Amino acid sequence: MIKPRLSKNGHKGKREWSKVVVHLLLISSILMIGFPLYYAFVISTQSMEEATQMPQKLLPSTHLWDNYVTIWNRLDLGRLLLNSAIVALAVSIGKIVISIFSAFAIVFFNFRGKQIFFWMIFVTLMLPVPVRIISTYQVISQLGWVDTYWGLTIPLIASATATFLFRQFYLTIPDELVDAAKIDGSGPLRFLWSILLPNSGANIAALFVVMFIYGWNQYLWPLMVTGSEKMRVVVVGIASTIPAGTQPPEWNLVMAVAMIALLPPVLVVLLMQRYFMHGLLETEK
């Protein structure tokens, strides 16, 4: 049966409706993601009375500076942000360095049990931190690393995900390039430093952004392994602003510290956005 042909106007009208639907979906997605952030910012600019009144105002108020200064002094936010920055940088850089070396060994060296080691690393993808947190804490406690930067960062450094991604990228390196490096007399470390690392820039940048946010958002492990206020990270500081008893939370101050804690990861994403997107596209290839 021959289907009737659509006229030019029919095709054009169909394309216009498709564009409208796509734009509505995109705008709806942006609103769903952006409105909670905007609402949190609005609450952070209000007084306690304004933040708890009903119906809630959806426009910023005039207490922004008072709220941010109050919560900054109350929590010693400078110290918390410094601790979070140290943890995020150590975890992201450590993960990348270890993953580069482990992927380099798996791809370019032949040794007995190579595949077994790779699958042992890969299986750890299925063991998130909360599953092994008790045994990890026992090890850290025996080493005397509780309430130290070592205890905060070392258990989070190994990354099966990053190792897997670097392995997949190194598998795309042509054999001719490896042979040319050998003919030129390059040793393994020179080959890694002069050829692999310059070609891994986009992947390193993308992983750095992802791992920095991962390290910055850690809550459970820092909560367990730190006891003193001077070693707390900012995410734990946010939780400490919500009282455990019947006293109502000061939501304006809670949202103020949440807004401050949000700024460093956003800055990292904005500064490395170009490399981040390029790295994701390279990973997809």
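The values are calculated or read from the model by the stated rules, or taken from the named source; none is laboratory data. Bear in mind the structure is a predicted one, so any value in this text is a computation, not a measurement. Positions of Cβ are backbone-derived with ideal geometry, glycine not excepted, and every protein chain shown enters the neighbour counts. Note: areas computed on protein heavy atoms with side chains; ligands, DNA, RNA excluded. Shrake-Rupley method; radii C 1.70, N 1.55, O 1.52, S 1.80 Å.
Of the whole protein surface, THR226 contributes about 20 Å² of accessible area at a 1.4 Å probe radius. When ASP147, ASP184, ASP76 are compared by accessible surface with a 1.4 Å probe, the order from highest to lowest is ASP184, ASP76, ASP147. As a size descriptor, the averaged projected area of the C-alpha convex hull of segment 122-233 was calculated at 9.0 nm². By the Cα gyration tensor, the chain has an equivalent ellipsoid whose semi-axes, rounded to whole angstrom, run 41, 35, 17 from largest to smallest.
3J(HN,Hα) along segment 75-89: 9, 6, 4, x, 5, 5, 5, 4, 4, 5, 5, 4, 5, 5, 5 Hz, from the Karplus curve 6.51 cos²θ - 1.76 cosθ + 1.60 with θ = phi - 60°, whole Hz, x for Gly and Pro.
The modelled label-to-label distance between GLN142 and LYS230, using points 7 Å beyond Cα along the C-beta direction, is 2.9 nm. In the chain, helices alone account for a calculated mean residue ellipticity at 222 nm of -22000 deg cm²/dmol, with every DSSP H run of four or more residues adding -39,500 (n - 2.57). Comparing ALA105, ALA90, ALA256 in a Gaussian network model of the chain (Cα springs below 10 Å), the most mobile by mean-square fluctuation is ALA105.
Given the options TRP17, TRP216, TRP145, state which has the largest fluctuation in a GNM of the chain using a 10 Å cut-off (strictly under) for Cα springs. Residue with maximal mean-square fluctuation among TRP17, TRP216, TRP145: TRP17. Heavy-atom accessible surface of VAL210, to the nearest 10 Å², is about 70 Å², with a 1.4 Å probe and all protein chains retained. The Cα center of segment 216-250 and the Cα center of segment 65-108 differ in position by 16 Å. The string of couplings for segment 194-203 from the Karplus curve (6.51, -1.76, 1.60, θ = phi - 60°) is 8, 10, 6, 4, x, 7, 9, x, 5, 5 Hz, one whole number per residue in order, with x for Gly and Pro.
The listed residues PHE101, PHE212 rank as PHE101, PHE212 when sorted by accessible area, largest first, using a 1.4 Å probe. In this view, the solvent-accessible surface of HIS23, computed with a 1.4 Å probe and all protein chains in place, comes to about 110 Å².
In a reduced charge model with +1 at each Lys and Arg Cβ and -1 at each Asp and Glu Cβ, the chain shows a dipole moment near 1180 debye about its Cα centre. Pairs of lysine residues in the chain that meet both criteria, 8 or more places apart or on different chains and Cα atoms under 22 Å apart, total 5. Computed from backbone phi with θ = phi - 60° and the Karplus coefficients 6.51, -1.76 and 1.60, the 3J(HN,Hα) list for segment 204-209 is 5, 5, 5, 5, 4, 4 Hz; x is used for glycine and proline. Once the 1.4 Å probe is applied to the protein heavy atoms, the chain comes out at 63 Å² accessible per residue. Normalised radius of gyration (Cα atoms, divided by 2.2 N^0.38 Å) for segment 4-160: 1.75. Taking the accessible area of the chain, probe 1.4 Å, and keeping the other protein chains in place, the carbon and sulfur fraction comes to 69%.
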